[in-house]
Amino acid sequence: IILSEHIFQRGSLMIKITSVNFPKDLYNSFKENNVVVFAGAGVSMGKPSGLPSFSKLADDIAECFGEKPMCRDKRDPLYRPIDLFLDELSPNNKMAINKRAAEILNDRYKKPNDLHMNIIKLFKDTKNIRIVTTNFDRLFTKAFHKVYEKNAKLKIYSNPALPLGGNFNGIVHLHGSLADPEHMVLTRTHFGRAYLTDGGVRRFLLPLFQKYTVLFIGYSLDDVVMDYLQRALPHETMQKRYILTGSKADESNKWKSLGVEPIRFEITKEKENDYSNLYDLVDKLANRLNRNLIDWENKLSSHCSKKPQSLDAEAVGEVIEALENRDIVTTFIQVNNNTDWIQWVYERGMLDNLFKETQLNKIDRILGIWLSNFSNTHPELLVGLLIK
């Protein structure tokens, strides 16, 4: 219990959201509008969207050409990475590949799923949305207009017409979109042109990775897209990169070797490919990032009516966030007249400045007012703090 609670004390590196240890600096980067979300094929696979993974798309394209599906066994001489497999399907006509892919991925009647919607909600407002997707579908655009009014403005970019990576907002289709199948990046030839020969994608990504914190969602370790993203970028002078992943704990080092910090969520064992915990995590994260003062008042009223020792780690993290925020701490003292919390707040060092000859900040002064509220009713508690 001590170790579990220690993770969430003041100055800690993690906060608890659902059952996930979520990096505090990534959470703060969202609050500071300095995050770009990269969305992969996994985002569009859940119902009701139901679009295929990149490997399933390759198999479907192969079927259209009357060819066998892709070999998955890397030890087999017939094995080819997805991009090379697609390259060899139609060596003399790369546009045929794009045409087939566009027919299979037709999103005209497809609907965005909850993950699309909640990724949109991770951002404070329409002006701060920064989503880069390697998907060709336009479900994020549909999700945007479901979250906001239909006439809300959204900038949309698509390869090869990419914006400046160090200064943009909106949705970027990094590998092209169904709106212009000719420029969709699918085969090894396409990837080579985008990342190396022409280098337009790399020129967009380099300043982006230098300026913004990045969160990957919907990618796996063996994802060919991740391979190109990592190979195209140096590791130095980069902001932090994270990925939400259901991979096993022993795969964490592999992610770290790619310069990406894994944030692990559990995949339900009873149901294969059940990513409900991922959906729940992004939903709860979006709700917490968008919480207003009334929402905070309701949460803190519930938490502070209980003994602090009875709260779970997620609730403890929320109280500490309130105590560290100049706007929310006022709500904390307004709803908390529970003496059980005095010792708890003191033990976490949040009252230290009140007993030192030092300049008090706004939070110190507000907590000082809170303590003074107990001076008539429980003077012995304040004397106890003075003695300590």
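The values are calculated or read from the model by the stated rules, or taken from the named source; none is laboratory data. What you are looking at is a predicted structure, and each value in this text was computed from that prediction instead of being measured. Don't worry about glycine lacking a Cβ; one is built from the backbone with ideal geometry, like all the others, and counts go over all protein chains shown. Areas reflect the complete protein model, heavy atoms only, side chains present, ligands, DNA and RNA absent. Shrake-Rupley method; radii C 1.70, N 1.55, O 1.52, S 1.80 Å.
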Residue count for segment 159-174, restricted to those that are surrounded by fewer than 21 Cβ atoms within 10 Å (Cβ to Cβ) and in contact with a strand residue (DSSP E or B) (Cβ under 9 Å, 6 or more places away or on another chain): 5
Within segment 65-88, track down each residue that is under 23 Å from R138 (Cα atoms) and touching a Lys or Arg at 6+ places or on another chain (Cβ under 8 Å). D83, L86
Residues (open to solvent by less than 10 Å² (accessible area, probe 1.4 Å), out of contact with any Phe, Trp or Tyr (no Cβ under 6 Å at 6 or more places or on another chain) and part of a helix (DSSP H, G or I)) located in segment 195-224: F204, L205, L208, F209
Of everything in segment 288-305 that's without any contact (Cβ under 8 Å) to a residue 24 or more places away in the chain and open to solvent by 60 Å² or more (accessible area, probe 1.4 Å), which residue is farthest from V20 (Cα to Cα)? I294
Report yes if some residue within segment 153-164 is free of Cβ contacts under 8 Å to residues at least 12 places away in the same chain and in a loop (DSSP other than H, G, I, E, B); otherwise report no. no
Return the only residue of G349, G368 being in a loop (DSSP other than H, G, I, E, B) and closer than 30 Å to E32 by Cβ. G349
Does D352 count as open to solvent by 80 Å² or more (accessible area, probe 1.4 Å) and of a type in the set (D, E, K, R)? no
Answer from F140, F144, F136 - the residue that is open to solvent by less than 40 Å² (accessible area, probe 1.4 Å), out of contact with any Phe, Trp or Tyr (no Cβ under 9 Å at 6 or more places or on another chain) and not in a helix (DSSP H, G or I): F136
Among the residues that make up segment 307-326, is at least one of them within 19 Å of G349 (Cβ to Cβ), out of contact with any Ser or Thr (no Cβ under 7 Å at 6 or more places or on another chain), open to solvent by 40 Å² or more (accessible area, probe 1.4 Å) and touching a residue at least 60 places away in the same chain (Cβ under 8 Å)? yes
Inspect segment 329-346 for any residue being farther than 26 Å from L215 by Cβ, free of Cβ contacts under 8 Å to residues at least 24 places away in the same chain, assigned to a loop (DSSP other than H, G, I, E, B) and open to solvent by less than 40 Å² (accessible area, probe 1.4 Å) and give the result as yes or no. no
Out of all the residues in segment 248-300, which are over 20 Å from L13 (Cβ atoms), at pLDDT below 90 and part of a helix (DSSP H, G or I)? D250, E251, K254, S257
Residue that is least open to solvent (accessible area, probe 1.4 Å), among those in segment 107-116 that are at pLDDT 95 or above and more than 13 Å from L278 (Cα to Cα): P112
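Residue-by-condition table, conditions (1) buried (at least 20 other Cβ atoms within 10 Å of the Cβ); (2) not hydrophobic (A, V, I, L, M, F, W, C):
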| position | (1), (2) |
| --- | --- |
| V43 | yes, no |
| G46 | yes, yes |
| S49 | yes, yes |
| K56 | no, yes |
| E63 | no, yes |
| E67 | no, yes |
| D76 | no, yes |
| R80 | no, yes |
Scanning segment 46-58 for residues that are touching a residue at least 12 places away in the same chain (Cβ under 8 Å) and within 23 Å of D222 (Cβ to Cβ) gives G46, S49, G50, L51, P52, S53, F54, S55, L57, A58
